[in-house]
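Report on one structure; see the data block that follows.
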4 protein chains.
Amino acid sequence: MPIRATVWGENVHEQKNRLVAELYPKGMHGALVDALNADPEIRATSVTLQDPEHGLTAAKLAETDVLLWWGHVAHGEVSDAVVERVAEAVWSGMGLIVLHSGHFSKIFKRLMGTPCNLTWREAGERERLWVTAPNHPIAAGLGSHFEIEYEEMYGEPFGIPEPLETVFVSWFQGGEVFRSGVTYRRGAGNVFYFRPGHEAYPTYHLPVVHQVLRNAVRWAHNPAKRIADPNAAPNVPVDKALEKIVERGGKLHAPGEEGFR
Amino acid sequence: MPIRATVWGENVHEQKNRLVAELYPKGMHGALVDALNADPEIRATSVTLQDPEHGLTAAKLAETDVLLWWGHVAHGEVSDAVVERVAEAVWSGMGLIVLHSGHFSKIFKRLMGTPCNLTWREAGERERLWVTAPNHPIAAGLGSHFEIEYEEMYGEPFGIPEPLETVFVSWFQGGEVFRSGVTYRRGAGNVFYFRPGHEAYPTYHLPVVHQVLRNAVRWAHNPAKRIADPNAAPNVPVDKALEKIVERGGKLHAPGEEGFR
Amino acid sequence: MPIRATVWGENVHEQKNRLVAELYPKGMHGALVDALNADPEIRATSVTLQDPEHGLTAAKLAETDVLLWWGHVAHGEVSDAVVERVAEAVWSGMGLIVLHSGHFSKIFKRLMGTPCNLTWREAGERERLWVTAPNHPIAAGLGSHFEIEYEEMYGEPFGIPEPLETVFVSWFQGGEVFRSGVTYRRGAGNVFYFRPGHEAYPTYHLPVVHQVLRNAVRWAHNPAKRIADPNAAPNVPVDKALEKIVERGGKLHAPGEEGFR
Amino acid sequence: MPIRATVWGENVHEQKNRLVAELYPKGMHGALVDALNADPEIRATSVTLQDPEHGLTAAKLAETDVLLWWGHVAHGEVSDAVVERVAEAVWSGMGLIVLHSGHFSKIFKRLMGTPCNLTWREAGERERLWVTAPNHPIAAGLGSHFEIEYEEMYGEPFGIPEPLETVFVSWFQGGEVFRSGVTYRRGAGNVFYFRPGHEAYPTYHLPVVHQVLRNAVRWAHNPAKRIADPNAAPNVPVDKALEKIVERGGKLHAPGEEGFR
């Protein structure tokens, strides 16, 4: 069965900005869907901010193996309830790929627990991504590096927790560097942040970027059955203890009581 | 100059539950303050949930090098604004030590980005903490392990991100294990979670626990000047680029415009 | 194409100790091979210490996707040249699963860079392995924990580097804990250490252990083409620099000279 | 008491190459010693390859809190026995700072368990080191970045294990990037690799580099008493088990027998 990828697109600039609309006539989400569907083992669809519940209903998340997230100007319009629902899906085992300006999305900041800030410059400069983890699944089929001729600069320090693995580090023409591909695990969910993708440039039409995205979807996919309740904190009663023990000492909780949250 | 430690105490059970009140007549926060002040290089004070802004005003955080957090029954009563203020202080460089049931505090979940859940049992059973990182500063002066005769059980899986370092792993009489001492870095702030400390037992009167807490305060202290704005995402204009570049390509942002959040 | 697994067996106790010979009439390596071959996507074979070059010729390693290693009494008899060859294969992308007393094998110590020591006791006590990374591929199909009724105890501190991921933590009847399943990446190779497997007990006949081993083989398999020379440190001449630069300053190396090692 | 730092200098180029001799009339080790001793809390001395046992006798290591290592052309002349002695000192708690071409030293490769390879170019190009872990103790007193006008290029992929923390990432004029400051813990010892320091340039005369080195010495210093035997793997007899257990099952080891290595 193919991996079910859902691309979440903010879909605002495509509607309001002629440059973006011309670069991405099907929307950035449309370009991403096409890129993923070129892989027969992936079946991608898209939803957008404007859909009811931003397209991220419980049902949609339940049938999404890997979610890709592109947002920029409208991070604040994403409902907190939907963000929490997505976070729970990740903890349960859904993969998540956060793209470019998504570094400031609510969901990425929610899962990182850090500001996720950086420095930036929109000057169409050259970016060169070096593979720092050779033969990592996300770097499959790439050489030692690849270039994107026109990109926005993102510079360190990048306000993220120490990554599980650093897969790409970028060189920028104007003198900065950036950890451009980093992995995390949050609960049962695999998370990948991938830097390139400024809406004013044709980044998501580049074959090498398509390759990375397809690799990332495969990597992020956790085939295990989702965890039913990723927040569960079950009490283990004394008589169910795996080793025989006798209750003793003071008691705060009445028998059968739920834990406090 | 001594390290300025602030103990945040929920201070609810001490007021309502006779058992806890008798064990901790000065409050759990009071016992923690005394334990820390036994170290001449630490100067500890306490604040509680009931104080205005829970005692965690901007001014108080500015003069706190390391914050210790004990809460349990009233996590939900902590204001979201205060939680965000504490998170920003951590990102700026304040140390944070989260104790026991604080695993479910808003601030710990905020910084971890995960559910922080676990299994539990209140049966006064024996816990033995093994030092898995010998000679780690937080384990200074300890042997290979130490025991707490009466403790609540917390069992794996513990819903946290992979730690930077695992310092303690607990054995429980009833058959469970738990990663009882784990470190993280969030922004410029050092974070330590320490498991023991159920309010129905005299854990915070034990000298070995005092030793760990004092060690942890010293470890968590970052003497660097606080970062002024840990969320800053400054634009670097083309004419300020460290390497000479020429602007080119499409433009989304008008000159001098702030980035989107 | 199935994953090609090679089981390296020390095969000494099986020849000299009646107890081990009776438990493992086909050798421990034989039991491991059978367990893996029950998975149609794995094709396992075995080699032993007694084979020429311990069975680990360059040709054999080239056709091994994942190597499993069980050794105990004869670590010192393994040739340093073979150890280095195996290390290079791992760096090139071969997976490696180190079992039980293999914690003191030359290859594991070589790849970890640490003593890999621990405490131990042979008393046939109960071990309970808790899954600390729910839904990790290595824990596929397991519940929250599993038990092995008769096992040797290994206790913390375990002298390893901080793992990439901690998948299992063991509880022992006699009071110890141990990080029983830990992952690493060394070069392009995935490495997994799995604790259980004392030769005096029937551990490698247990279905749950078979499940872990098959999971681990699938996880450790890196399908990418092997890196040709994992030690290469190529010079990039000035005229091949990706950005145009002009040579300047003092020179230590003559043109075209190899780097020092 | 000041931190006792020992600088290990290869001291070969200084004797044979006029350029290096002129840049470093007291030897590179001499320049490093002076830089460290400018800090009243550090007391630095040096030893060299040419000293008996390369200056790294058991006695010298016992009174060294932090060892700095600079070598290049003569890695192969360092005795394996001395390397092992240094590794054991690190596991016991001695700090280690490996400099520049020391990436290929026996001791660094020994502790990493990986090839530690990279790409390189000697062209006197500009290097800019970005601080990726703001307010990390090793970055104390630095701004967001610093530049070295003339340096050798080292490029990714850098064949190291995933670092505990990445403190610096370098930008090079010729188009490469490199993880230039990375931390590890090996046993009780803190390890830091710092990239700059090609012998054909005056890098070790730069105040900003001196600052990093002094910071690194303070960070690497573990004040705990050294671990007596970092390789110990003690047996815990049944009658000394912390929880009462009864021996059962088969036995491989005779009572009181040492473990196999």
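The values are calculated or read from the model by the stated rules, or taken from the named source; none is laboratory data. Since this is a predicted model, take the numbers as computed values, not measurements. Positions of Cβ are backbone-derived with ideal geometry, glycine not excepted, and every protein chain shown enters the neighbour counts.
Taken over segment B:206-231, the criterion of being touching a Gly at 6+ places or on another chain (Cβ under 9 Å) and within 13 Å of chain A (Cβ to nearest Cβ) is satisfied by B:Ile227, B:Pro230, B:Asn231. Does A:Gly174 count as more than 7 Å from chain B (Cβ to nearest Cβ) and not β-branched (Val, Ile, Thr)? Spelling it out, it is not the case that A:Gly174 is more than 7 Å from chain B (Cβ to nearest Cβ) and not β-branched (Val, Ile, Thr). The residue of segment B:177-205 that is nearest to the chain's Cα centre (by Cα), among those that are within 9 Å of another protein chain (Cβ to nearest Cβ) and free of Cβ contacts under 8 Å to residues at least 60 places away in the same chain, is B:Arg185. Might you check whether a residue that is among the polar types (S, T, N, Q), closer than 29 Å to B:His136 by Cβ and touching a residue at least 60 places away in the same chain (Cβ under 8 Å) occurs anywhere in segment D:85-95? Yes: segment D:85-95 contains one or more residues that are among the polar types (S, T, N, Q), closer than 29 Å to B:His136 by Cβ and touching a residue at least 60 places away in the same chain (Cβ under 8 Å). For D:Thr132, state whether it is within 16 Å of the chain's Cα centre (by Cα), under 19 Å from A:Val169 (Cβ atoms) and at the interface with another protein chain (Cβ under 9 Å from one of its Cβ atoms). No, not satisfied.
Taking the conditions exactly as written (surrounded by fewer than 22 Cβ atoms within 10 Å (Cβ to Cβ), more than 22 Å from B:Ala139 (Cβ to Cβ), among the small types (Gly, Ala, Ser) and more than 10 Å from chain C (Cβ to nearest Cβ)), does D:Gly256 satisfy them or not? Here the answer is yes, as D:Gly256 does meet what is asked. Filtered by the rule that a residue be surrounded by fewer than 24 Cβ atoms within 10 Å (Cβ to Cβ) and under 16 Å from the mean Cα position of the chain (by Cα), segment B:163-175 gives B:Pro163, B:Leu164, B:Glu165, B:Thr166. When residues in segment D:10-28 are screened for being free of Cβ contacts under 8 Å to residues at least 12 places away in the same chain, among the charged types (D, E, K, R) and part of a helix (DSSP H, G or I), 3 of them pass. Beta carbons closer than 7 Å, at least 6 apart along the sequence or on distinct chains, pair a first residue in segment B:29-51 that is on the phi < 0 side of the Ramachandran plot with a second that is surrounded by fewer than 23 Cβ atoms within 10 Å (Cβ to Cβ) and among the acidic types (Asp, Glu) for B:Leu49/B:Glu77. Once segment D:232-250 is narrowed to residues that are over 19 Å from C:Leu118 (Cβ atoms) and facing chain C (nearest Cβ under 7 Å), the residue that is surrounded by the fewest Cβ atoms within 10 Å (Cβ to Cβ) is D:Arg248.
Results for (1) more than 17 Å from the chain's Cα centre (by Cα); (2) at pLDDT 95 or above; (3) under 20 Å from A:Gly95 (Cα atoms), shown as yes or no for each residue.
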{"residue": "A:Arg4", "(1), (2), (3)": "no, yes, yes"}
{"residue": "A:Val7", "(1), (2), (3)": "no, yes, yes"}
{"residue": "A:Asp34", "(1), (2), (3)": "yes, yes, yes"}
{"residue": "A:Pro40", "(1), (2), (3)": "yes, yes, yes"}
{"residue": "A:Gln50", "(1), (2), (3)": "yes, yes, no"}
{"residue": "A:Gly55", "(1), (2), (3)": "no, yes, yes"}
{"residue": "A:Leu61", "(1), (2), (3)": "no, yes, yes"}
{"residue": "A:Trp69", "(1), (2), (3)": "no, yes, yes"}
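Residues being within 21 Å of B:Phe260 (Cβ to Cβ) and among the aromatic types (Phe, Trp, Tyr) are entirely absent from segment A:127-141.
Annotation: A:Lys109 fulfils all but one of (1) within 28 Å of C:Gly189 (Cα to Cα); (2) free of Cβ contacts under 8 Å to residues at least 12 places away in the same chain; the unmet one is (1).
Among the residues of segment D:139-156, is there at least one that is assigned to a loop (DSSP other than H, G, I, E, B), facing chain C (nearest Cβ under 8 Å), among the small types (Gly, Ala, Ser) and buried (at least 22 other Cβ atoms within 10 Å of the Cβ)? No, segment D:139-156 contains no residue that is assigned to a loop (DSSP other than H, G, I, E, B), facing chain C (nearest Cβ under 8 Å), among the small types (Gly, Ala, Ser) and buried (at least 22 other Cβ atoms within 10 Å of the Cβ). Regarding D:Phe178, is this residue buried (at least 22 other Cβ atoms within 10 Å of the Cβ) and either touching a Ser or Thr at 6+ places or on another chain (Cβ under 8 Å) or under 16 Å from D:Val98 (Cα atoms) (or both)? Spelling it out, D:Phe178 is indeed buried (at least 22 other Cβ atoms within 10 Å of the Cβ) and either touching a Ser or Thr at 6+ places or on another chain (Cβ under 8 Å) or under 16 Å from D:Val98 (Cα atoms) (or both). Listed conditions (1) within 26 Å of D:Asn117 (Cβ to Cβ); (2) surrounded by fewer than 20 Cβ atoms within 10 Å (Cβ to Cβ) are all met by C:Ala87, apart from (2).
Go through the residues of segment B:111-124 one by one and say whether even a single one is closer than 30 Å to C:Thr119 by Cα and away from chain A (no Cβ under 11 Å). Looking through segment B:111-124, none of the residues is closer than 30 Å to C:Thr119 by Cα and away from chain A (no Cβ under 11 Å). The lone criterion from (1) aliphatic (A, V, I, L, M); (2) out of contact with any Gly (no Cβ under 7 Å at 6 or more places or on another chain); (3) farther than 20 Å from B:Ala216 by Cβ left unmet by B:Leu19 is number (2).
Please indicate, with yes or no, whether at least one residue in segment D:60-71 is surrounded by 21 or more Cβ atoms within 10 Å (Cβ to Cβ) and within 14 Å of chain C (Cβ to nearest Cβ). Yes, that holds for at least one residue. Considering segment D:163-199, and only residues there that are touching a strand residue (DSSP E or B) at 6+ places or on another chain (Cβ under 7 Å) and among the acidic types (Asp, Glu), the residue that is nearest to D:Leu68 (Cα to Cα) turns out to be D:Glu165. In summary, D:Gly76 fulfils each of the numbered conditions (1) more than 14 Å from chain C (Cβ to nearest Cβ); (2) without any contact (Cβ under 8 Å) to a residue 60 or more places away in the chain with the single exception of condition (1).
The set of residues from segment C:1-35 being polar (S, T, N, Q) and farther than 15 Å from C:Val73 by Cβ comprises just one member, C:Thr6.
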